[in-house]
1. May I ask you to list the residues in the range 18-37 that are crowded, with 17+ Cβ neighbours inside 10 Å and at pLDDT below 95?
2. Tell me whether the range 62-71 contains one or more residues that are surrounded by 16 or more Cβ atoms within 10 Å (Cβ to Cβ), closer than 22 Å to residue 4 by Cα and touching a helix residue (DSSP H, G or I) at 6+ places or on another chain (Cβ under 6 Å).
3. Out of contact with any Leu (no Cβ under 7 Å at 6 or more places or on another chain), part of a helix (DSSP H, G or I), among the aromatic types (Phe, Trp, Tyr) and at pLDDT 95 or above, is that true of residue 121?
4. Regarding residue 79, is this residue in a helix (DSSP H, G or I) and hydrophobic (A, V, I, L, M, F, W, C)?
5. Condition first: touching a Phe, Trp or Tyr at 6+ places or on another chain (Cβ under 8 Å), touching a residue at least 60 places away in the same chain (Cβ under 8 Å) and not polar (S, T, N, Q). Can you find one or more residues in the range 88-107 that meet it?
6. Cβ-Cβ under 7 Å, sequence separation 6+ or interchain: first residue in the range 35-47 and free of Cβ contacts under 8 Å to residues at least 24 places away in the same chain, partner surrounded by fewer than 17 Cβ atoms within 10 Å (Cβ to Cβ). Which pairs?
7. Go through the range 66-116 and count every residue that is modelled with pLDDT of 90 or more and of a type outside the set (A, V, I, L, M).
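The values are calculated or read from the model by the stated rules, or taken from the named source; none is laboratory data. This one's a predicted model, so the numbers in the text were calculated from it and none came from an experiment. Cβ atoms come from the backbone with ideal geometry, glycine included; neighbour counts cover every protein chain shown.
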Amino acid sequence: MSLQLDSLAKSISILERSIKTANRVDDSDEDLQETVRAGVIHSFEVAYEQSWKMLKRWLKENIGTASVDGVILRNLFRLGAENGLIVDVERWMEYHDVRNSTSHTYDEDSTENVFAEATEFVHDVKHLLKMLEERND
């Protein structure tokens with residue numbers, strides 16, 4: 001059964017576009033900058049959630065439900081790495097920590113950190129999507 005990857009691809013595209021937009025915003029317009037960065041953070045949240053759920057679906061379909069159900073996220077990422085879908089388990093755990101922090105992102109330093117991580121995340125999630133597309137039977 002092949003997975004529908006459209007929602008993941010769309011969330012990645014939106015994240016990329018929101019980052020590009022944020023990078024074009026004039027630093028002197030603090031209100032606009034804050035609003036656009038909030039959009040980046042939201043786009044990161046959506047893309048991250050889509051990515052690990054799609055990873056889990058692929059693993060269930062290809063290595064079996066018993067191997068995936070009930071595992072902690074670190075082990076899900078480990079299984080993803082063992083199956084060639086992601087490269088760096090620790091990096092994905094960092095994205096998870098950042099995602100968990102987004103509900104507490106109220107200060108400028110936290111926002112900057114999430115923005116920087118979202119920018120890095122784009123590269124890794126695009127790799128995941130590519131691997132899923134290549135191995136989507």
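1. So the first thing to find is which residues in the range 18-37 are crowded, with 17+ Cβ neighbours inside 10 Å, and the list is 18-19, 22, 36-37.
22, 36, 37 - these are the residues of the range 18-37 that are crowded, with 17+ Cβ neighbours inside 10 Å and at pLDDT below 95.
2. yes
3. Details: out of contact with any Leu (no Cβ under 7 Å at 6 or more places or on another chain): yes; part of a helix (DSSP H, G or I): yes; among the aromatic types (Phe, Trp, Tyr): yes; at pLDDT 95 or above: yes.
Yes.
4. On the way: in a helix (DSSP H, G or I): yes; hydrophobic (A, V, I, L, M, F, W, C): yes.
In short, yes.
5. no
6. 36/21; 36/25
7. Total meeting the criteria: 19.
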